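Each value in this text was obtained by applying a stated rule to the coordinates, not by laboratory testing. All of these numbers come straight from a predicted model, not from anything done at the bench. Note: ideal-geometry Cβ built from the backbone for every residue, glycine included; neighbour counts use all protein chains shown.
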Amino acid sequence: MPCRGRIFVSDAETLKVYAEKAGAYVAMTKTAGLDPRVASFIARLPARAHVLDLGCGPGQEAGAMAAAGMQVTAYDAVPEMVALAAAHPGVSAYQATFEDITGADIYDGVWANFSLLHAPRADMPRHLAQIAMALKPGGLFHIALKSGTGSKRDRMGRFYSYYTDSELTGLLQEAGFTVTDLAAGEGKGLDGAVSPWISLTAHG
């Protein structure tokens, strides 16, 4: 288990933006409200399920899962976000990156909501394979990303990798997942830009 206070750097410029804009990010998430897909995710899990919120940010969704009786472990690479997530009752928050997903048959569910889009495209197959291993058999996986192609930085300097729905579905299948649901939409991000997104639910 990663220890609080350790520093993990995936993309230093991206992490710097989130650290500096933590307050603005909290305000944005409060204005947007709780992601409506959280309720469906919780409903599909067993009572007192152990869930990993991967890239938890300020912990709004992690807090909702804990309030619903889940055992919630939350990872984020930004210490400011970890502190905010840890303030939610029932959330065990740790400073860690995607590289720190280890072990087998640990979680009933993994929630990766607009977090893995910051991973380099070349690393995505490995991260998905690690998540599949960390899930218990039949475990639930939620992933949401900005849709598109290629990789680039946004106007704030954050690094993004973009995927089409067919590409992401293929990557999940290669990692051993069975995709059960797909949704798409668009929304405004921290940089003020409106971007299309895709969301997939899968079972390990």
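Before moving on, here are some points about what is shown:
- Based on DSSP H segments of at least four residues, each scored -39500 (n - 2.57), the chain has a per-residue ellipticity at 222 nm of -9000 deg cm²/dmol.
- Computed over neighbours whose Cβ is under 12 Å from that of Leu171, the net charge equals -2, Lys and Arg +1, Asp and Glu -1.
- Segment Ala104-Thr149, length gained on full extension (0.36 nm per residue, minus Cα span): 13.1 nm
- Local electrostatic count, His118, Cβ distance below 13 Å [Lys/Arg +1, Asp/Glu -1]: 0
- Spatially proximal lysines relative to Lys30 (Cα-Cα < 21 Å; intrachain offsets below 8 disregarded): Lys21, Lys146, Lys188
- Computed label-point distance, nm, for sites Leu34 and Ser92 using a 7 Å Cα→Cβ extension: 2.3
- Furthest towards positive pole of dipole, Gly138, Phe114, Gly150, structure part segment 99-168, Cβ charges: Gly150
- About the Cα centre, charge dipole magnitude for the chain (Lys/Arg +1, Asp/Glu -1 at Cβ), debye: 260
- The simple Förster model, with R0 at 22 Å and r as the Cβ-Cβ distance, assigns Ala12 and Ala83 a FRET efficiency of 0.70.
- Antiparallel content of DSSP bridges confined to segment 47-204, in %, to 5: 50
- Choice from Asp154, Asp76, Asp53 showing the highest fluctuation, given a GNM over the chain with Cα pairs closer than 10 Å: Asp154
- Residue among Asp100, Asp108, Asp165 with the largest mean-square fluctuation in a Gaussian network model of the chain, springs linking Cα atoms under 10 Å: Asp100
- Residues considered: Ala132, Ala43, Ala93. Largest GNM mean-square fluctuation over the chain, using C-alpha springs under 10 Å, is found at Ala43.
- Share of pairwise Cα separations in the chain, more than 23 Å, in percent: 39
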